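Written below as structure tokens is the structure these notes are about.
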Amino acid sequence: MATAADTIEFRELPHPAPTSDADRALALANPGFGTQFTDHMVSIEWTEGEGWHNATVGPLQPIPLHPASAVLHYAQEIFEGLKAYRHPDGSTALFRPEENARRFNKSADRLAMPHLPEALFISAIEALLAKDGGWIPEGAGASLYLRPFMFADEVFLGVRPAKRYRFMVIASPAGNYFKSGAPAVSIWVSSEYTRAAPGGTGAAKCGGNYAASLVPQAAAIERGFDQVVFLDAVERKWIEELGGMNLFFVFDDGRVVTPALTGTILPGITRASLIELLRAEGLDVSEGRYSIDQWEADARSGKLVECFACGTAAVVTAVGRVAGHDIDFTVGSGGPGQVTEKVKATLTGIQRGEIADSHGWVRKLG
Ligand SMILES: *Cc1c(COP(=O)(O)O)cnc(C)c1O
């Protein structure tokens with residue numbers, strides 16, 4: 001049965017002073033990542049009993065929060081990240097947004113939050129893009145990053161799932177994720193900290209996971225590395241992922257390995273798409289366990305020829321140098337290899353409408 005929420009209407013709140021064309025052009029000329037925002041936002045409220053209601057698309061503005069709002073104390077918050085692209089034919093396209101909608105509800109399950117109907121997740125994004133479609137930058141590697149999120153705003157300090165939530169979507173024009181636009185990232189192996197433990201929230205896209213990754217990430221930066229890689233929490237041996245990206249390992253015999261989704265790894269949509277694209281290239285892709293010791297041994301012997309990280313924000317990025325307390329090695333040439341370059345070109349070509357989408361991944365908006 002379709003619930004009322006499936007067909008919810010967005011009330012439009014007028015914007016008193018939208019950004020001028022000149023200022024927007026300036027913002028889009030050098031978007032950076034995550035610092036500039038479009039004119040509008042979507043907001044939908046949920047309360048126990050009433051469900052989803054009061055859907056609006058209106059001016060982007062600060063939101064009033066009571067200091068006792070549950071999210072500020074117990075971190076009931078989840079989010080998604082996806083991009084809108086301007087295709088050569090002038091249309092606007094999303095990449096597999098249904099997968100983001102589905103994963104959002106899986107995250108909601110783990111954080112004891114209500115489901116948002118998948119159709120409503122998508123129509124919220126469409127409502128925002130109908131207002132802010134002019135904010136999609138057009139340069140190479142540029143897109144409009146969309147950030148749907150949900151948090152508990154019930155005013156209550158007791159510990160239990162909240163009875164009030166708010167879902168929002170904001171958008172931020174994005175250029176390259178890594179400021180340097182470097183051809184490869186360097187990685188620090190964290191032996192002190194883990195990201196996720198069995199039974200924890202590692203497979204959910206929740207803010208709390210990121211909060212816990214900031215100290216190890218900052219330690220990596222301090223040592224001069226770009227990113228931290230986390231090992232499993234039990235044996236401190238198996239490669240899991242970076243703070244916000246999944247990993248792939250490419251071998252000289254045509255095998256490709258990516259860590260299996262054991263519950264402590266975020267199931268990336270980029271990851272899932274790359275598995276399919278690499279298989280279509282004839283590569284033998286498996287999901288399994290790969291240890292830090294094996295990583296070093298294979299890089300040194302030359303069996304491991306490429307390694308790359310992937311995610312919506314940074315797309316596909318080669319991993320060069322890898323170091324930790326008693327290891328230091330470089331994968332392959334230290335820069336992007338052939339497999340990395342090719343699969344990145346295929347994925348971004350599909351996303352940008354430059355390569356035919358034979359997978360049904362691209363969703364064009366009206
Ligand atoms: C979002 C995220 C990813 C990448 O997922 P995509 O769907 O490919 O963007 C990987 N790891 C973590 C921890 C994430 O939060």
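Can you name the residue in the range 288-324 that is assigned to a loop (DSSP other than H, G, I, E, B) and hydrophobic (A, V, I, L, M, F, W, C) and, of all such residues, is nearest to the ligand (Cβ to nearest atom)? Looking at the filtered set, the residue picked out is Ala313. Within the range 152-177, restricting attention to residues that are assigned to a strand (DSSP E or B) and open to solvent by 10 Å² or more (accessible area, probe 1.4 Å), the residue that is nearest to Pro31 (Cα to Cα) is Ile170. Is at least one residue of the range 74-82 within 18 Å of Ala142 (Cβ to Cβ), within 16 Å of the ligand (Cβ to nearest atom) and assigned to a strand (DSSP E or B)? Among the residues of the range 74-82, at least one is within 18 Å of Ala142 (Cβ to Cβ), within 16 Å of the ligand (Cβ to nearest atom) and assigned to a strand (DSSP E or B), which makes the answer yes. Taking the criterion of being surrounded by fewer than 20 Cβ atoms within 10 Å (Cβ to Cβ), within 20 Å of Leu278 (Cα to Cα) and touching a residue at least 40 places away in the same chain (Cβ under 8 Å), the residues of the range 315-338 that qualify are Gly335, Gly337. Each residue in the range 83-135 was checked for being within 13 Å of the ligand (Cβ to nearest atom) and closer than 15 Å to Ser172 by Cα, and 2 pass. Checked against (1) modelled with pLDDT under 95; (2) open to solvent by 20 Å² or more (accessible area, probe 1.4 Å), Ile221 passes all but a single condition, namely (1). Which of the residues belonging to the range 254-269 are more than 9 Å from the ligand (Cβ to nearest atom) and either touching a residue at least 40 places away in the same chain (Cβ under 8 Å) or among the basic types (Lys, Arg) (or both)? Scanning the range 254-269 gives Arg255, Val256, Leu261, Thr262, Gly263, Thr264. So, Gly302, is that one more than 22 Å from Gly244 (Cβ to Cβ) and open to solvent by less than 70 Å² (accessible area, probe 1.4 Å) or not? Yes, satisfied. Residues of the range 119-140 that are open to solvent by 30 Å² or more (accessible area, probe 1.4 Å) and assigned to a loop (DSSP other than H, G, I, E, B): Glu138, Gly139, Ala140. Scanning the range 192-209 for residues that are away from the ligand (no atom under 12 Å from the Cβ) and closer than 11 Å to Thr264 by Cβ yields a total of 5.
The values are calculated or read from the model by the stated rules, or taken from the named source; none is laboratory data. Remember, it's a predicted structure, so these values are computed and weren't measured experimentally. Backbone-built Cβ (ideal geometry, glycine too); neighbour counts: all protein chains shown. Ligands, DNA and RNA are excluded from the accessible area calculation, which covers all protein heavy atoms including side chains. Shrake-Rupley method; radii C 1.70, N 1.55, O 1.52, S 1.80 Å.
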